Amino acid sequence: MTGNLHAEAPIDLSAITGNVEVLRARMGGRQVMAVVKADGYGHGSVEAARAAVAGGADWLGVVHVAEALRLRRAGLTAPVLCLMALAESDHEEAIRAGIDLTAGSVALVGQIAAAARRAGQPARLHLKADTGLSRGGATAAEWPAVLDAALAAEAGGLVRTVGLWSHFACADEPGHPTIQAQLDRFAEAVRQADKAGATPEVRHIANTAAAITVPESRLDLVRLGGAIYGLSTLPGGAPGWLRPAMTLTARLAQVKRVPPGTGVSYGHRYVTTAATTLGLVPLGYADGVPRSAIGQPLVYARGRRWPIAGTVCMDQFVIDFGDEPVAPGDEVVLFGPGDHGEATAQEWGETLGTISYEIVTGIGGRVPRTYQDEQS
Ligand SMILES: *Cc1c(COP(=O)(O)O)cnc(C)c1O
């Protein structure tokens with residue numbers, strides 16, 4: 001931890017670069033898309049994207065056009081795909097910036113083609129098949145019409161169908177029968193596209209969990225989010241060859257001795273049993289520390305774990321340090337790579353009934369991300 005920040009989230013960019021390198025080696029020559037949506041899963045989208053490209057990422061993935069434009073403005077030139085198709089997106093600006101767009105409906109293909117006409121340049125399009133997630137994308141019934149619309153726009157010089165893609169529902173439940181069923185449905189969608197005359201450059205369906213556990217899902221390109229940050233939604237988390245990139249630390253804002261029987265924090269849901277030392281951690285649920293963390297031994301300081309004493313407030317929570325000689329300004333670690341016995345984002349997720357992704361993306365804007373060298 002550096003300077004006098006009350007809290008910070010140091011981001012180990014060399015972990016992101018290293019994760020992409022090891023993933024590329026394991027994916028058997030498939031292209032790798034580093035998914036940096038949601039501000040790079042809370043790690044900083046531009047910084048994460050640069051680190052991923054340094055590790056050999058071929059593509060970048062985001063959800064919104066605004067996220068893609070931010071990468072372009074930062075000077076990132078890799079192909080960028082917007083994973084969500086939104087009618088109200090600024091397709092024209094995206095096309096001008098050379099950003100790939102998704103369409104899973106005839107209406108969207110039409111809107112994007114119209115934007116391409118205004119932009120005076122063809123849109124790069126990835127057609128999305130809904131093979132069973134029932135989220136975005138064309139159902140099997142809609143797929144032929146979407147293909148027809150895209151190929152007609154392509155014949156008119158307005159779009160180039162660069163990709164065909166889909167997304168799994170249960171990839172993080174290895175062996176789940178929907179995985180093979182979705183692969184089969186996607187193969188059928190690709191066959192239909194071939195027959196209709198489409199000439200895509202990439203077919204893609206795998207996210208982190210599928211890319212790691214289902215080799216036949218890797219196709220031409222794998223879309224990796226969690227894995228590049230050292231995380232996964234698989235049971236037990238990411239494999240040991242991936243390294244978590246985000247740490248979350250804070251400095252004790254105040255330390256005080258209190259007598260036995262002292263009620264702590266809102267609702268007095270914790271009451272001291274002996275004379276003890278309380279330490280105030282200046283992070284709360286507005287910073288992404290869930291209220292449900294009350295009582296959980298997730299905070300690391302002075303070589304061991306400490307339970308959260310009482311209610312997590314909006315901006316702060318308390319730890320009962322007993323007779324430990326803590327002082328204001330002492331560092332506590334909420335999560336990190338786990339090297340020293342600190343919790344990981346994976347453990348926070350498991351303990352609180354969620355996933356590591358929700359923990360890291362939930363860390364709020366008041367917590368500065370810092371990118372200094374790990375050693376400093
Ligand atoms: C977020 C996202 C991904 C990345 O998922 P991970 O589990 O983080 O690898 C891939 N594809 C789509 C469509 C996504 O929305």
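For residues that are closer than 23 Å to A34 by Cβ and either of a type in the set (V, I, T) or modelled with pLDDT under 95 (or both), scanning just the range 185-208, find the one that is nearest to the ligand (Cβ to nearest atom). Write out each step before concluding.
First, the residues of the range 185-208 that are closer than 23 Å to A34 by Cβ: 186, 200-208.
Restricting the remaining residues to those that are either of a type in the set (V, I, T) or modelled with pLDDT under 95 (or both) gives 202, 205, 208.
Values: V202: 13, I205: 9, T208: 3 Å.
Top of the filtered list is T208.
Of all residues in the range 35-83, how many are assigned to a strand (DSSP E or B), touching a helix residue (DSSP H, G or I) at 6+ places or on another chain (Cβ under 7 Å) and within 26 Å of R366 (Cβ to Cβ)? Give the derivation first.
The first filter runs over the range 35-83 and keeps only residues assigned to a strand (DSSP E or B), leaving 35, 59-62, 80-82.
In the following step, the residues that additionally are touching a helix residue (DSSP H, G or I) at 6+ places or on another chain (Cβ under 7 Å) were identified as 60-62, 80, 82.
Filter again for within 26 Å of R366 (Cβ to Cβ), leaving 62.
Of the residues in that region, 1 qualify.
A quick yes/no check of all residues on (1) of a type in the set (F, W, Y); (2) buried (at least 22 other Cβ atoms within 10 Å of the Cβ); (3) within 19 Å of the chain's Cα centre (by Cα); (4) under 30 Å from A138 (Cα atoms):
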site: H6; (1), (2), (3), (4): no, no, no, no
site: Y41; (1), (2), (3), (4): yes, yes, yes, yes
site: A68; (1), (2), (3), (4): no, yes, yes, yes
site: P79; (1), (2), (3), (4): no, no, yes, yes
site: I99; (1), (2), (3), (4): no, yes, no, yes
site: L108; (1), (2), (3), (4): no, yes, no, yes
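Against the conditions (1) modelled with pLDDT of 95 or more; (2) touching a Lys or Arg at 6+ places or on another chain (Cβ under 8 Å), where does V22 fall short? Just the number, please.
(2)
Listed residues A238, A211; which is within 16 Å of the ligand (Cβ to nearest atom), outside any helix (DSSP H, G or I), modelled with pLDDT of 95 or more and aliphatic (A, V, I, L, M)?
Answer to the check: A238.
Within the range 214-235, can you find the residues that are within 16 Å of E21 (Cβ to Cβ) and within 7 Å of the ligand (Cβ to nearest atom)?
If we filter the range 214-235 for residues that are within 16 Å of E21 (Cβ to Cβ), which is where we start, we get 222, 224, 227-230.
L224, A227, listed by residue number.
Give the residue, chosen from L151, L219, that is in contact (Cβ under 8 Å) with a residue 12 or more places away in the chain and under 22 Å from G55 (Cα atoms).
Exactly one of L151, L219 is in contact (Cβ under 8 Å) with a residue 12 or more places away in the chain and under 22 Å from G55 (Cα atoms), namely L219.
Here's a check for you: in the range 328-368, which residue that is assigned to a helix (DSSP H, G or I), touching a Gly at 6+ places or on another chain (Cβ under 9 Å) and β-branched (V, I, T) is surrounded by the fewest Cβ atoms within 10 Å (Cβ to Cβ)?
T361
Filter the range 163-184 down to residues that are within 16 Å of the ligand (Cβ to nearest atom) and either surrounded by fewer than 19 Cβ atoms within 10 Å (Cβ to Cβ) or part of a strand (DSSP E or B) (or both), then give me how many there are.
Going through the range 163-184 one residue at a time, the tally reaches 9.
Is at least one residue of the range 152-160 in the same structural domain as D90 (by TED's automatic domain parsing), of a type outside the set (V, I, T) and under 30 Å from Y229 (Cβ atoms)?
Within the range 152-160, not a single residue is in the same structural domain as D90 (by TED's automatic domain parsing), of a type outside the set (V, I, T) and under 30 Å from Y229 (Cβ atoms).
Across the range 84-98, what is the number of residues that are more than 16 Å from the ligand (Cβ to nearest atom) and in a loop (DSSP other than H, G, I, E, B)?
Going through the range 84-98 one residue at a time, the tally reaches 5.
Scan the range 64-83 residue by residue and report those that are within 13 Å of the ligand (Cβ to nearest atom) and closer than 19 Å to A211 by Cβ.
Across the range 64-83, the qualifying residues are L81, L83.
The values are calculated or read from the model by the stated rules, or taken from the named source; none is laboratory data. Please read these numbers as outputs of a predicted model, since none were measured by experiment. Note: ideal-geometry Cβ built from the backbone for every residue, glycine included; neighbour counts use all protein chains shown.
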